[in-house]
Amino acid sequence: MTKRNTQQRRHTIVSLVQEQGEVSVDALAKHFSTSEVTIRKDLAVLETGGLLLRRYGGAVPLPSEMVVDSNPDQVSKRKLAIARAAAERIRDHNRVIIDSGSTTSAMIPLLGNKRGLIVMTNSLNVAGALRELENEPTLLMTGGTWDPHSESFQGQVAEQVLRSYDFDQLFIGADGIDPERGTTTFNELVGLSRVMAEVSREVIVMVESEKIGRKIPNLELPWSGIHTLVTDEGLDSEARAQIQARGIQLICAPVAV
């Protein structure tokens, strides 16, 4: 019953956002007679599923230009294809950073056959998934200040911890890819992402093709700090040429039918 009630609540939240244009966490908590923590978790899940966009203190409908694929199975297939292609780049005994995000998280179950991995993350979800692997990679956490918007740890403490290590690879997602600038994000907290890139020998961005060309105000990582872009085969030829012209290694993963 609890799971069913959660699904019903989240379905209603999506309807309210579409009807009202914007809803607050406080109003939703009162409407459903539940805690603000529960509502924030709901909004995080719904945003990951591409059903709304979180804003400080609430949520708004997803902009029309971001509504590309209403089929969740197809979206998950794309993310899995990207995750597989990215996981293939990890070798035994590599030291890697895995940033928070649904696409990066999809890679975790594919790491079960890697030996001697050392993995740093700022995500509790990633950390939890890593603990389930039988090969038991060494897990490092950044610590820091919890950011409910990104569902991850951020801030100066996290940055200081990262600077105490060096890594072979960083795996990181993005809200959008600006062909002229680099990766873009709705989140204004970009400091940790840049430190992650600084301490990694190879920066691998994992992003679905529909996000490429999406220009969002906040620049996260400039092209000069990116080595590899892993996306799906839906990327058009013009975008491929633009990215490769910047010296970026481009991997377009085939999506399973």
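The values are calculated or read from the model by the stated rules, or taken from the named source; none is laboratory data. Because the structure is a prediction, the values reported are computed rather than measured. In this analysis, Cβ positions are derived from the backbone assuming ideal geometry, glycine residues included, and neighbour counts consider all displayed protein chains. Accessible surface is based on the protein model in full, side chains and every heavy atom, while ligands, DNA and RNA are left aside. Shrake-Rupley method; radii C 1.70, N 1.55, O 1.52, S 1.80 Å.
What to note about this one:
- Of the trypsin sites (Lys or Arg not before Pro) in the range 91-167, the ones in a loop by DSSP (not H, G, I, E or B) with at most 14 other beta carbons within 10 Å are Arg91, Arg115, Arg163.
- Surface accessible to a 1.4 Å probe, per residue, for the residues of the range 207-254, Å²: 47
- Here's the list of lysines a cross-link from Lys30 could span, going by alpha-carbon distance under 29 Å and ignoring same-chain residues fewer than 8 apart: Lys3, Lys41.
- Given [x] 116; [y] 131; [z] 157, the label whose value is volume of the Cα convex hull per residue in Å³ derived from this model: [y]
- Separation of alpha-carbon centers, the range 79-106 and the range 178-198, rounded to whole Å: 18
- Compared with the dominant Cα axis of the chain, that is its longest principal axis, helix 2-20 is turned about 80°.
- Summing Lys and Arg as +1 and Asp and Glu as -1 over all other residues whose Cβ lies under 14 Å from the Cβ of Thr34 gives a net charge of +2.
- Within the chain, percent of DSSP bridges classed antiparallel, to nearest 5: 40
- Accessible-area composition of the chain, carbon plus sulfur, in percent [1.4 Å probe]: 48
- Cα gyration tensor category, rounded, prolate or oblate, for the range 61-205 with a/c compared to 1.5: oblate
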